[in-house]
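*Asks:* Structure incoming, see below.
The values are calculated or read from the model by the stated rules, or taken from the named source; none is laboratory data. Fair warning: this is a prediction, and the values are worked out from it, not measured in the lab. We place every Cβ from the backbone using ideal geometry, glycine too, and count neighbours over all the protein chains shown. Keep in mind that these areas ignore ligands, DNA and RNA; they rest on the heavy atoms of the full protein, side chains included. Shrake-Rupley method; radii C 1.70, N 1.55, O 1.52, S 1.80 Å.
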Amino acid sequence: MAQQRERAADDAMMTRIGQVVMLAHAGDREEARDRLLGLWAEVGEHGDPLHRCTLAHYMADTQDDPGDELAWDLRALSAADARSGHPRTPAHETSPALRSLYPSLHLNLAADYVKLGRPAAARSHLARARAAAGTLGDDGYGDGVRAALARLEQQVAALPPDGDAERDGDDDEGGGRSGGEPLGPPRRGA
């Protein structure tokens, strides 16, 4: 019975996130950003990693600053990585449905790094997205991610060689705290 209540609460949060995403897709990015940030505070840093991943993924899409977009996309990846080790995650939920998020998460990070003029980091995440693309289904979502991946690969191929290699160590996914995800939204000017 407790498991059913927990599942219903999880479904309610995903419904609430979906409602805000529809607001963002309708063009009200500022209101969507404010509501997503409220949901982020409600879920908290120790909340369900799937909720944190979903919120951060869509929060990134509402950002005006490429650095802020990158910070939220890194949070989404960090939350997805945490999902597989989360104590409330049944083994069957770490299967293809979760793994199918990774191509999109890495694709978003690659696009962020392109915007920030960091081609080596973009290439690294494109390679990760391509490696994870085998988990995508033969459906609209999978087709869309694969098409976006192909478009971004062409764009990145036209960029200069890895001129940002000295900045692109393995630290591009740290996010602000040693060993983990940042506590909240990125700070401007920090």
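*Asks:* Would you check which residues across the range 18-36 are farther than 22 Å from HIS106 by Cα and open to solvent by 20 Å² or more (accessible area, probe 1.4 Å) and list them? Show your work before the answer.
*Replies:* First pass over the range 18-36, keeping only residues farther than 22 Å from HIS106 by Cα: 19-20, 22-23, 26-32, 34-35.
Within the range 18-36, GLN19, MET22, LEU23, ALA26, GLY27, ASP28, ARG29, GLU30, GLU31, ASP34, ARG35 qualify.
*Asks:* Sticking with this one: Among the listed residues ALA111, ALA158, ALA147, ALA165, identify the single one that is modelled with pLDDT under 60 and open to solvent by 20 Å² or more (accessible area, probe 1.4 Å). I'd like the intermediate steps shown before the answer.
*Replies:* Details: ALA111 fails: modelled with pLDDT under 60; ALA158 fails: modelled with pLDDT under 60; ALA147 fails: modelled with pLDDT under 60.
The match here is ALA165.
*Asks:* What are the residue pairs meeting all of these: first residue in the range 35-61, first residue under 13 Å from ARG75 (Cα atoms), second residue of a type in the set (A, V, I, L, M, F, W, C) and outside any helix (DSSP H, G or I), Cβ atoms under 8 Å, and 6 or more apart or on different chains?
*Replies:* Close Cβ pairs satisfying both conditions: GLU45/LEU183.
*Asks:* Given the options LEU50, LEU36, name the one that is part of a helix (DSSP H, G or I), modelled with pLDDT of 95 or more and either aliphatic (A, V, I, L, M) or over 18 Å from the mean Cα position of the chain (by Cα) (or both).
*Replies:* On the way: LEU50 fails: modelled with pLDDT of 95 or more.
After applying the criteria, what remains is LEU36.
*Asks:* Still on this model: Just give me the residues in the range 38-75 being surrounded by fewer than 17 Cβ atoms within 10 Å (Cβ to Cβ) and acidic (Asp, Glu), in sequence order.
*Replies:* The answer is GLU42, GLU45, ASP64, ASP65.
*Asks:* If ARG88 satisfies every condition in (1) open to solvent by 70 Å² or more (accessible area, probe 1.4 Å); (2) at pLDDT 85 or above but one, which is the exception?
*Replies:* Answer for ARG88: the failing condition is (2).
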